[in-house]
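J.: This is the structure I have questions about; it appears just below.
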Amino acid sequence: MFDLHQLRLEVTATDSEYRGYFEAARQRQLVVQKCTNCELLRAAIGSGCPFCGSPEWQWEPVQGTGFIYSYQIVAHAVLPAFREWVPYPLVLVELDEQRDVPWPTHDPTGTVSLRIVAMLSSRTDPSQPADEESVAIGKRVEVCFLDINDLQALPAFRLSEGPPEHSPWRAPDQ
Ligand SMILES: [Zn+2]
């Protein structure tokens, strides 16, 4: 069995970005950063806005729903804490907020969609991975949380009920 206590999540007191993210997760809330200058959201945590360069931002709660944009099966665990999980699916989830909004300044053909990498968890137990056969691009997911300690949790996703975003696709077996 996977023991969450093997996973040590250390965030220094000065790292306000990651600390707030994991603490919100412990309160069962997925958050992203919102630039207070251009008002665009961003899922990749950082101190400066990738769209306008402003260092001013605030946390913005999001629903935590979206679909699997891409995925990968982890066959070799780099961290010992994940050894019992392999093979397990990692998913790149595109959230429902700010979808298909064009990237106005840098890349007119790109979008500022919110995409988050996380484990795909079992529907019944967020601390266990989903079967690798169940993952497919296009399936709908919702956020769930793995408690690390009394203050912090890791966001993960699990398959949700309801129709897929588009016809599901998975890579053919090798
Ligand atoms: Zn901005």
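The values are calculated or read from the model by the stated rules, or taken from the named source; none is laboratory data. Since the structure is predicted, the reported quantities are computational estimates derived from the model, not experimental observations. Neighbour counts are summed over all protein chains in view; Cβ atoms, including those assigned to glycine, are modelled from backbone coordinates with ideal geometry.
J.: Would you check which residues across region 71-115 are under 17 Å from the mean Cα position of the chain (by Cα), surrounded by fewer than 18 Cβ atoms within 10 Å (Cβ to Cβ) and aliphatic (A, V, I, L, M) and list them?
T.: 73, 74, 90, 92
J.: Could you please give the count of residues in region 18-44 that are closer than 28 Å to residue 158 by Cβ, loosely packed, with under 14 Cβ neighbours inside 10 Å and within 16 Å of the ligand (Cβ to nearest atom)?
T.: 1
J.: Considering only residues that are out of contact with any Gly (no Cβ under 7 Å at 6 or more places or on another chain) and of a type in the set (Asp, Glu), look in region 45-97 and name the one that is nearest to the ligand (Cβ to nearest atom).
T.: Only one residue tops the list, namely 56.
J.: Could I ask something else about it? Filter region 129-156 for residues that are of a type in the set (S, T, N, Q) and touching a Pro at 6+ places or on another chain (Cβ under 7 Å) and give the result.
T.: none
J.: Write out, first by first residue and then by second, each pair whose Cβ atoms fall under 9 Å of each other, whose residues are 6+ apart or on separate chains, and whose first residue, in region 23-39, is in contact (Cβ under 8 Å) with a residue 60 or more places away in the chain while the second is within 9 Å of the ligand (Cβ to nearest atom).
T.: 32/42
J.: A follow-up question, please. Name every residue in region 3-51 that is over 21 Å from the mean Cα position of the chain (by Cα) and modelled with pLDDT of 90 or more, in order of residue number.
T.: Hits for region 3-51 are 36, 37, 38.
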